[in-house]
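Reading through the structure tokens given below for one structure.
Read-outs: derived from the displayed coordinates by stated rules, not from any lab. From a predicted model like this one, the values you see are computed outputs, not experimental measurements. Note that we place each Cβ from the backbone using ideal geometry, even for glycine, and neighbour counts take in every protein chain shown.
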Amino acid sequence: MLVDDVLTIGEVAKRSGIASSALRFYEERGLIQSVRNRSGHRRYSRGVLRRVAFIVFAQRIGLSLEEVARELAKLPTNRVPERTDWAKLSAGWTARIRERIAELERLQAGLTECIGCGCLSLDRCRLANPGDRAARRGPGPRYWMEGPTSA
Ligand code: FES
């Protein structure tokens, strides 16, 4: 297989699994960059694929596009980022990833339990969340967000 260093937007979309429209949106937000060829078409360096993968997974763990942009701004712009460059981004991520894992574990464990969302629809809610006392902690499914129903 011939591997070219410069990719069209269609090639980036195909390899990354991200629609061209989303790639254009990322570019408008400054998350990825392209150069224009003589015909005015976008051309991307192959390294953009790693940036796109980063954007997708960063969003999956709950980072906003603004946060993703701040993280990506830590990478060098004058060369392809190396392992050490990416490592600089990871420090602040560890806590975020741990939070997300804990959330998902609570989600998995709590699918049939009261999640403190205020619905009071399960027989278990009468014990776990009598009178919707979880609402005192704030909006949303408090037991999913914060863990065990200790309040
Ligand atoms: S599941 Fe909604 S308050 Fe219990």
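Quick one: grab Rg to one decimal and Dmax as a whole number for region 31-151, Cα atoms only, in Å.
Gyration radius and largest Cα-Cα distance of region 31-151: 21.1, 69 Å.
Can you give the local net charge around ARG36? Use residues other than it whose beta-carbon is closer than 15 angstrom to its beta-carbon, Lys and Arg +1, Asp and Glu -1.
Spelling it out: positives minus negatives among the neighbours equals +2.
In a shell of Cβ-Cβ distance under 11 Å around ARG51, excluding ARG51 itself, what net charge do Lys and Arg (+1) and Asp and Glu (-1) give?
That sum, taken over residues with Cβ under 11 Å, equals 0.
Hey, can you rank 93-103, 54-64, 77-87 by average C-beta count inside 10 Å, highest first?
My ranking of the peptides, most packed first, is 54-64, 93-103, 77-87.
What three numbers, in Å, describe the spread of the alpha carbons of region 81-122 along their principal axes, ordered from the longest?
51, 16, 13
If you average 1/r across every pair of different Cα atoms in region 1-46 and take the reciprocal, what Kirkwood value do you get, in Å?
With all distinct Cα pairs of region 1-46 included, I get 10.9 Å.
Can you give the net charge of the other residues whose Cβ lies under 12 Å from the Cβ of SER16, counting K and R as +1 and D and E as -1? Let's see the in-between values first.
Values: positive: LYS14, ARG15, ARG46, ARG50, ARG51; negative: GLU11.
Residues near SER16 contribute +4 overall.
Based solely on its DSSP helices, what 222 nm [θ] is calculated for the chain when runs of n ≥ 4 H residues each add -39,500 (n - 2.57) and the sum is averaged over all residues, nearest 500 deg cm²/dmol?
About -13500 deg cm²/dmol.
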